[in-house]
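What follows is a short report on a single structure.
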Amino acid sequence: IHPDDAERLGVRDGAPVRLKGAGGEVTAPAEVTDAVRPGVVSLPHGWGHDRPGTRLGHASGDPGVNVNQLLDGRALDPLSGNAVLNGVPVEVSPVAETISALT
């Protein structure tokens, strides 16, 4: 996420953010960088191998989030008929961090 957007949204580098699309939402750590344009977020495509019931040992070690969970499947490319998988609108918000006190 671009630094200007991060500041406007209250997102800190490395902190969890919620990305919500037409089909659902995912949570991922933010990387604040000027390597992306303002108004754009870039989310590497993980495969969600950390989901319950998944039996892929290596992949579950660094699963990433499944970007497809943001899509609702109704947006189709007019030429191919394939689902649109990138360039989709999302809402970004910081995830409230819970502070626990030690007693």
Verdict on G39 being surrounded by 14 or more Cβ atoms within 10 Å (Cβ to Cβ) and within 13 Å of P89 (Cα to Cα): no
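Could you list, in sequence order, the residues of the range 63-99 that are out of contact with any strand residue (DSSP E or B) (no Cβ under 8 Å at 6 or more places or on another chain) and either modelled with pLDDT under 80 or in a loop (DSSP other than H, G, I, E, B) (or both)?
Once the filter is applied, which keeps residues that are out of contact with any strand residue (DSSP E or B) (no Cβ under 8 Å at 6 or more places or on another chain) and either modelled with pLDDT under 80 or in a loop (DSSP other than H, G, I, E, B) (or both), the range 63-99 yields R74, P78, L79, S80, G81, L85, N86, G87, A96, T98, I99.
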Any pair with Cβ under 6 angstrom, 6 or more apart, that starts in the range 1-27 at a residue that is part of a loop (DSSP other than H, G, I, E, B) and ends at one that is surrounded by fewer than 14 Cβ atoms within 10 Å (Cβ to Cβ): H2/P38; G14/P29; A22/D72; G23/D72
Subset tally (residues that are modelled with pLDDT under 85 and in contact with a helix residue (DSSP H, G or I) (Cβ under 6 Å, 6 or more places away or on another chain)) for the range 38-53: 3
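Quick check on A59: is it at pLDDT 95 or above, among the small types (G, A, S) and surrounded by 14 or more Cβ atoms within 10 Å (Cβ to Cβ)?
Taking the combined requirement at face value, the residue does not satisfy it.
The values are calculated or read from the model by the stated rules, or taken from the named source; none is laboratory data. What you see is a predicted model; the values in this text were computed from it and never measured. With ideal geometry, Cβ positions are generated from the backbone for all residues, glycine too; neighbour counts draw on all protein chains shown.
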